[in-house]
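Computed from the coordinates by the stated procedures, all read-outs in this text should not be read as laboratory data. The model shown is predicted, which means the values in this text are computed figures rather than measured ones. Here Cβ is always computed from backbone atoms with ideal geometry, including for glycine, and neighbour counts include all displayed protein chains.
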Amino acid sequence: MSGTERSVYVWDLPVRLVHWGLVVAVAVSWYSAEQGLSGWDVHRWSGYALLTLILFRLLWGLWGSETARFSDFLVGPRAVARYLRGWWHASPSRGHNPIGGWAVVVLLLALLVQGVSGLFATDDILLTGPLAGWVSSDLQGRLSSLHTSLFNVITVLVALHVLAIAVYRLVRGERLVRAMVTGRKYDGWRAPWIAPLSRAALLAAAAAALLAGAILTAP
Ligand code: HEM
């Protein structure tokens with residue numbers, strides 16, 4: 001860090017909690033699925049936790065802090081192409097960079113589909129997702145296959161995600177992990193607007209209520 005750089009608070013607490021919460025929820029969901037019947041309760045609850053985190057993050061992308069908003073980091077194809085062409089010399093981004101922003105959306109959507117498909121999945125013997133009663137057994141079967149196969153895609157996406165972060169560290173010297181832990185990056189940007197935590201609590205409650213409402217009213 002040179003003397004002219006100052007620390008700017010770019011990732012608010014909700015973004016960081018969701019991020020590391022997702023890492024734990026994905027790991028626990030994978031491990032509990034490997035345990036079969038004995039891991040079912042843990043799998044179910046880690047799936048609910050993961051879905052609540054994702055639903056909250058989607059709401060936070062609309063009404064959260066400046067750098068958490070999709071409008072802050074989703075740019076058109078031309079801006080992405082321009083960024084990629086000038087990648088070697090591009091200066092660090094305050095929030096997500098143009099390509100990273102789209103990678104975030106792909107990750108979030110893949111995790112959303114993974115969680116939602118689990119709600120409708122069944123093993124046709126003992127284990128059934130809470131919303132399976134809403135769909136035909138044919139659709140249950142297809143969503144169960146999706147739930148199993150999409151996990152492999154998510155594994156690849158997460159591996160690429162971690163690889164990209166390592167490349168940014170090694171090639172461009174950007175300490176993105178430190179920023180996702182402390183919330184701070186070192187550069188001279190204007191500090192982004194940070195939404196109040198009361199708003200995060202309200203949207204987290206809305207996300208949890210949406211999921212609980214769907215589960216509790218399912219046939
Ligand atoms: C299951 C594993 C993981 C998932 C599902 C995941 C997902 C995500 C998501 C959704 C974001 C966007 C954050 C937001 O805007 O809310 C993100 C960003 C980020 N993740 Fe992960 N992540 C995972 C593992 C990791 C690991 C292991 C690391 C550390 C090596 C890491 C480091 C980061 C960093 C540094 C960012 C910010 C990137 C930037 O500055 O643009 N992630 N991740």
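The table that follows gives values for the structure above.
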{"item": "Exposure proxy ranking, count of Cβ atoms within 10 Å, fewest first, for His19, His147", "result": "His19, His147"}
{"item": "Within-15-Å neighbourhood charge of Ala166 [Cβ basis; K, R +1; D, E -1]", "result": "+3"}
{"item": "Proxy reagent accessibility, fewest Cβ within 10 Å first, across Phe120, Phe151", "result": "Phe151, Phe120"}
{"item": "Within region 104-198, trypsin sites (Lys or Arg not before Pro) in DSSP loop having at most 16 other beta-carbon neighbours inside 10 Å", "result": "Arg190"}
{"item": "Span-like helix ranges in the chain, DSSP H, alpha carbon extent 27 angstrom or more, Kyte mean at least 0.0", "result": "13-34, 40-63, 98-119, 137-172, 197-216"}
{"item": "Part-to-part distance (alpha-carbon centres) for region 52-96 and region 119-176, which is given in Å", "result": "22"}
{"item": "Relative contact order of region 7-216, pairs being alpha-carbon contacts under 8 Å that are 6 or more residues apart, as %", "result": "33"}
{"item": "Neighbour-count order for Ile154, Ile54, fewest beta carbons within 10 angstrom listed first", "result": "Ile154, Ile54"}
{"item": "Cα-based equivalent ellipsoid of region 1-134: semi-axis lengths in Å, sorted from largest, via gyration tensor", "result": "36, 16, 14"}
